[in-house]
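Comments concern the structure below.
The values are calculated or read from the model by the stated rules, or taken from the named source; none is laboratory data. The shown structure was predicted, so the numbers you read here are calculated from the model rather than taken from an experiment. All Cβ positions, even for glycine, are placed from backbone atoms using ideal geometry, and neighbour counts span all protein chains on display.
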Ligand SMILES: Cc1cc2nc3c(=O)[nH]c(=O)nc-3n(C[C@H](O)[C@H](O)[C@H](O)COP(=O)(O)OP(=O)(O)OC[C@H]3O[C@@H](n4cnc5c(N)ncnc54)[C@H](O)[C@@H]3O)c2cc1C
């Protein structure tokens, strides 16, 4: 099986040609190392420049900043192929689908010229740090502060669960530049912090139940001084920037969720065909066929919805609620597919040596990160 037979409508021939490059990279450079990186609990930095060389990182960065100036469809293809063939969470999508847009949309000319070419090349790895030990969903309650001292901010606080935290060279840190202002969101700013700044420390690479190879870390800021020019866009606009980038971030999660669900489904059809019980293939039991038929139908609907959402994003029409709905629906589908497919594997499904076990563990987080699915329902519900 592959992702080629799905009669997609979101992509043109150039997208599909790019897909073949991405697939080769995932099959040759990522999949063979997924288990080893899982044990090491980190993806080596050395894989990033290889991805950069092939144009897999930050495809939307304009040419004047070293990028290819392509559309988000190229990002989505990297996400799909990575989820289907790569089998490891590399952190590429965090950089390409999330961080890039902040710098392209709100960065100063100097910030863009300095960081974007290096991000495209994979010479610089980035992270975005919003969540804190005391608050995640309620971002306005963040406590990390950036206080002005002459031409500098002095940053104090801590962040947690930060993707790429160990590997990151540059962190977009969400801070309060004003702790008094009401409403509270007006006090939020985003500041670029280089990892070599004095007072910045990485904490633990956290022990997770899945996505073992993805580094997810604590970060500490103790009197970290950064020039005021490191503020992204305007001071006090951080929350507005975060909200405006959400549709794409959430669609990115939806894309990966759908592709990994398809992978689990395809693998399970193969398993059920080979596995025998009571003198016949497990696939020949009506329960197995009905379960898989039900999942196949939902996957079909899922791809059609994803193409609709991608087309809307490419036309800059996807709303925050539609992005939230896509994240909600595709991650719920992913969980349903993973869990039912694991069940059809019997005891093998519970063994880490079977890919379905690893995929099931990895899938559990997609209903939590990028805003929990309860928050997605809140966002959609608020606009009814
Ligand atoms: C693997 C992983 C990677 C991550 N990567 C990053 C990263 O790179 N950068 C970053 O900043 N963060 C990252 N996160 C953090 C993630 O975004 C948060 O964990 C998530 O937003 C939830 O926040 P929380 O953990 O504080 O949960 P809480 O906000 O404490 O929520 C606890 C529970 O309460 C529910 N809840 C909260 N508020 C409401 C409400 N208003 N209505 C109904 N229910 C509610 C939640 O849905 C949840 O079920 C990552 C998390 C994980 C697990």
Can you list the helices (runs of 4 or more DSSP H) lying wholly within the range 1-63 that have 2 or more residues being closer than 26 Å to residue 103 by Cβ and modelled with pLDDT of 95 or more? 13-25, 47-53
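If you take the residues of the range 133-159 that are part of a strand (DSSP E or B) and within 8 Å of the ligand (Cβ to nearest atom), which of them is nearest to residue 226 (Cα to Cα)?
Among them, the one singled out is 159.
Quick one: which residue in 194, 182 is without any contact (Cβ under 8 Å) to a residue 24 or more places away in the chain and more than 13 Å from the ligand (Cβ to nearest atom)?
Values: 194 fails: without any contact (Cβ under 8 Å) to a residue 24 or more places away in the chain.
Every option except 182 fails the conditions.
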Restricted to the range 89-124 and to residues being outside any helix (DSSP H, G or I) and within 12 Å of the ligand (Cβ to nearest atom), the residue nearest to residue 157 (Cα to Cα) is 91
Contact list please: Cβ distance under 7 Å, first residue in the range 369-380 and outside the structural domain of residue 322 (by TED's automatic domain parsing) and touching a residue at least 40 places away in the same chain (Cβ under 8 Å), second residue near the ligand (Cβ under 6 Å from one of its atoms) and part of a helix (DSSP H, G or I), pairs at least six apart or on different chains. none
With the first residue restricted to the range 126-137 and required to be more than 18 Å from residue 204 (Cβ to Cβ) and without any contact (Cβ under 8 Å) to a residue 40 or more places away in the chain, and the second required to be in a loop (DSSP other than H, G, I, E, B) and near the ligand (Cβ under 6 Å from one of its atoms), Cβ contacts under 8 Å at 6 or more apart or on different chains are none
Quick test for you: out of 311, 326, pick the one residue that is touching a residue at least 24 places away in the same chain (Cβ under 8 Å), more than 16 Å from the ligand (Cβ to nearest atom) and out of contact with any helix residue (DSSP H, G or I) (no Cβ under 8 Å at 6 or more places or on another chain). 311
I need a count of the residues in the range 226-253 that are crowded, with 16+ Cβ neighbours inside 10 Å and either within 16 Å of the ligand (Cβ to nearest atom) or over 15 Å from residue 99 (Cβ atoms) (or both). 19
Any residue in the range 170-177 that is near the ligand (Cβ under 8 Å from one of its atoms), outside any loop (DSSP other than H, G, I, E, B), within 24 Å of the chain's Cα centre (by Cα) and under 16 Å from residue 93 (Cα atoms)? no
If I ask for residues that are loosely packed, with under 15 Cβ neighbours inside 10 Å and more than 9 Å from the ligand (Cβ to nearest atom), which ones from the range 350-380 would you list? 350, 351, 352, 353
Quick check on my filter: what residues within the range 7-40 are within 23 Å of residue 299 (Cα to Cα) and buried (at least 16 other Cβ atoms within 10 Å of the Cβ)? 8, 10, 11, 15, 19, 22, 23, 26
